[in-house]
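See below for the structure under consideration.
No lab work stands behind these numbers, since they all come straight from the coordinates. The structure displayed is predicted, hence computed values, not measured ones. Because the Cβ atoms are built from the backbone with ideal geometry, glycine has one as well, and the counts that use them run over all protein chains shown.
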């Protein structure tokens, strides 16, 4: 039974904290005189920190439905809220250090960042089509603004423009799919849609609706063939924003993908067991193909990249492909593997982008050739980057390896061998381009010998990102337990 | 409309043999014709009054050649407009150029449909009356933009864009300033809004005196509406000294006549809405028009409504010839920085008032003190 | 009477939207868009959703398309300089996809029963207001955050120096 509007407020504190921070930012911005101060950054840090704390304290058991069934408060939602809030905190630190944004990272930048965060909170907990669409837009629209935040730079403008055009098309197709679902079932509650579809037989319209909805979600996680926007956007956007987009909205996209498809088109077999398709739509094969295509395209195109940001963009497409493997299996263990992989991915990807920012602060360049000799110019940054890149490749003993082990194990357990083979081949390809950067950093002679200074604070933050990347490779038990506890979706 | 036909059939039993839909259709066409004649006459006489008022304010005589005191001037003007050559500029987009005046005229005239002229005198008592007026106004915006663009003339283009920007901006305060009346009546139907202002308090039953916020609301509405209809001091779209005549500069003959009539139609609609929402509509102070026999009730209430509306039209003309014109940026600032926030605050105030005092206005409370 | 009107306005809406995508001049497209929106508003009226119809006209025809027209007028590309769009394979594919969708609509209409039995007054002011402030309250409030972010974004993008 969903809680009423007033009764829900006390379970909605993280979202309220973020909203209050957004409003405070606007107020402080209007009242404040010093536009260059880091007050807005610190304020948003405090706000997101409070939201993270409130999320951690949130009693997610037993799962409840809030606001007349608009959003759910379950372990799954809490997990993603904590994950996205953590990513946002790291990105705020990155933004404070970035030379690209220095003097430009004003209140409005943080307002957009926090709006995306609020959108991600809602996206990972939405259980109603209206709410789902609205929170997706709340993630998207400020993201467009963030991508085009450097107004003076052509590539940033281009990034924003492409993002808007692709985004609008994808969300238009998606909402058409929603309208079909609503037309077929007469309700906007996804759980009720699932129940209504379980009895119906309209396979063709339903399949088209599912494909259309998949377009919208696929766009958010940048799965092939809806990935076209992502390299240009990732390259053109300010690097902290790129880091944010490659982790936050992608994670939220996975959250909504899992929640929507599992609730609408599948039903759980008893407690903790695998799910079965409850409606005539067999979307798992569709997504398995998408998964294979996504990782293959991402890795193959990444091989030839000369710009680190663009390379990381393609690599993040590939990683979405890996994670989709867990999605198609219809098992709690598969979802658990996705959740675990997202945690690992958060640290290693944000870490890699952070090094890119630090290097760009010194060299004003993001070309791989300018990373030559980084090992001698800035050993600390170079070693950290090497750690993150090897983790992204999935080599033991780094955490990326453990993440992949969980994904592969589940795929093989369920007997989808072809997908496992494709993924393994892809990992080999990815080793080539990740290792190339490491080679350039340590084996090539730098054009310029001067040392690249990395101040103390960024060093500390790099450590904070690198330690979990390493640690989760050898001791991952607590995280996998949290992930296992978070798999339970609210089904009512 | 159907209920009117039903009562008509009841009153005149001979008609009961005629199919219902023909009666409804006839009634629709007849009421449209009546409204059209009214709008045309108002446009004609209004133009004469406007020039006379202008003459008075500027210490001139005004029109005085055709007929006694120039009273027939508007007929002469009308004949001139109809007979004049209809010129379409060579480089204009002919189709859109021809289409634009109809958009403007239809948008302005369609609003007459929901105006409550009397106890039973309303062409169609839509349950979304106020929103309907705002919706059809959007046709005017499109028409004005088209006229400016299709003329292929830079003054027309600028005038059209100014007009559209102005109407779109001022539509918000206009709508928001009308909301207090909607809140008090609990309905968007203009007839319901008028009915909610009746009672035995006379003029104090009007929404204008309901509470301080509604009092303020009336002036906000009137100001914003003055701008929405492109009247001085907000007549930038026409700004003779800058743009010659604005979006209609290339129009002549009857096409210009449509713009001209639409302008007067808008003026009346604004005055009529203000009357209906704030000045008690067709209520006659201390007289219960609804209780009178149908004929007399309708006649007297029509008189009351028109008297109030015409008085407001005169005020608009008075303002028009008294105040100087604003600059474009001043105009936009006025809408977005002053009128919009004020109307929102006002709406909040009215809502709180209704909540706290359980929907009672000040006059009602005073009246209840004396039993 | 109602089915006839429904078919009439539905046909206008469909024809108008086809014109929107096929016209060469953006101004013509914008005008056909207005026609389409009015036809859709008329469909709302036929379903007794007067409030929705009025809002549709006020918001879309009155504000959104007016902004489109504004931009078209500001850019004001002369007719002979408009980009010529060629027929590519992709375009045929698009038409094929649209055909598929129409086919699907037909299948949907024939084979499935739509549980569209909404209350007769579901489009009235009262019903919309009640839904907004009860079941969809959260969505309503979140919309305000979205709009706030969008407004700030518009200013941040458009202003040279803030």
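Give me A:235, B:228, B:290, A:68 sorted ascending by neighbouring Cβ count inside 10 Å, so fewest comes first.
Numbers: A:235 22, B:228 27, B:290 14, A:68 19.
By the 10 Å Cβ count, ascending: B:290, A:68, A:235, B:228.
Quick one: A:449, A:151, fewest Cβ neighbours within 10 Å first, how do they rank? In increasing order of surrounding Cβ atoms, one gets A:449, A:151.
Please give the FRET efficiency for residue B:38 paired with residue B:252, using the beta carbon to beta carbon distance and R0 = 25 Å, rounded to the nearest 0.05.
Values: r = 26 Å, r/R0 = 1.04.
Efficiency for this residue pair is about 0.45.
On full extension, the segment bounded by residue A:169 and residue A:104 gains 20.4 nm, given 0.36 nm per residue less the C-alpha separation.
Treating the angle as unsigned and between 0 and 90°, give the value, to the nearest 10°, between the Cα long axis of helix A:190-199 and the longest Cα principal axis of chain A. That helix lies at roughly 50 degrees to the long axis.
Indicate the gyration tensor shape class of the stretch B:238-371 (rounded, prolate or oblate), computed on the Cα atoms with a ≥ b ≥ c the square roots of the eigenvalues: a/c under 1.5 is rounded; otherwise a/b larger than b/c is prolate and the rest oblate.
Numbers: a/c = 3.21, a/b = 1.44, b/c = 2.24.
The shape class here is oblate.
Remark: spin-label model distance residue B:367-residue C:107 equals 6.6 nm, labels positioned 7 Å along the Cα→Cβ axis.
So how tilted is helix B:340-356 from the main axis of chain B? Cα-based, degrees 0 to 90, rounded to 10. Roughly 10 degrees between the two axes. Computed from the C-beta positions of residue B:290 and residue C:5 and an R0 of 41 Å, the FRET efficiency is 0.75 to the nearest 0.05. In this simple spin-label model, placing a label point 7 Å from the Cα along the Cα-to-Cβ direction at both residue A:27 and residue B:26 gives a separation of 6.7 nm.
Report the calculated FRET efficiency for residue B:321 and residue C:148 (r = Cβ-Cβ distance, R0 = 45 Å), to the nearest 0.05.
Working: r = 42 Å, r/R0 = 0.94.
Once rounded, the FRET efficiency stands at 0.60.
Axis angle, to the nearest 10 degrees, between helix A:417-443 and the longest C-alpha principal axis of chain A: 20 degrees.
From other protein chains only, count the Cβ atoms within 10 Å of every residue's Cβ in C:27-37, then give the mean.
On the way: counts 6, 3, 0, 3, 6, 0, 0, 4, 0, 0, 1.
What the average comes to for C:27-37 is 2.
Among rounded, prolate and oblate, which fits chain C when a ≥ b ≥ c are the square roots of the eigenvalues of its C-alpha gyration tensor, a/c under 1.5 means rounded, and a/b larger than b/c means prolate? Intermediate results must be reported in sequence, preceding the final value.
Numbers: a/c = 1.83, a/b = 1.11, b/c = 1.64.
The shape class here is oblate.
The stretch between residue C:71 and residue C:158 holds 29.9 nm of extra length on full extension. This uses 0.36 nm per residue minus the Cα-Cα distance. Ranking of B:140, B:350, A:405, A:479 by neighbouring Cβ atoms within 10 Å, starting from the fewest: A:405, A:479, B:350, B:140.
Figure the gain on full extension for residue A:450 and residue A:211 (residue separation times 0.36 nm, minus the Cα-Cα span) and round it to one decimal in nm.
On the way: separation 239, 0.36 × 239 = 86.04 nm, distance 5.38 nm.
Contour length minus the Cα-Cα distance gives 80.7 nm.
Peptide C:46-53 has a mean shielding of 2, counted as Cβ atoms of other protein chains within 10 Å of each residue's Cβ. Between residue A:179 and residue C:19, the simple spin-label model (points 7 angstrom out along Cα→Cβ) gives 2.0 nm.
Which value at 222 nm does the protein assembly as shown reach when only helices count, each DSSP H run of 4 or more adding -39,500 (n - 2.57), with the total divided by all residues and rounded to the nearest 500 deg cm²/dmol? Don't jump to the answer; show the numbers that get you there.
Details: 41 runs with 716 residues, N = 1025.
Result for the protein assembly as shown, helices only: -23500 deg cm²/dmol.
Please state the shape class of the stretch C:1-92: rounded when a/c is under 1.5, otherwise prolate if a/b exceeds b/c and oblate if not, all from the C-alpha gyration tensor. Don't skip to the end; give the middle numbers.
Numbers: a/c = 3.36, a/b = 1.61, b/c = 2.09.
Taking the square roots of the gyration eigenvalues as a ≥ b ≥ c, the stretch C:1-92 is oblate.
For the segment C:63-71, counting C-beta atoms of other chains within 10 Å of every residue's C-beta and taking the mean gives 4.
Take each peptide in A:211-223, A:10-22, A:364-376, count the other Cβ atoms within 10 Å of every residue, and average; sorted highest first, the result is A:211-223, A:10-22, A:364-376.
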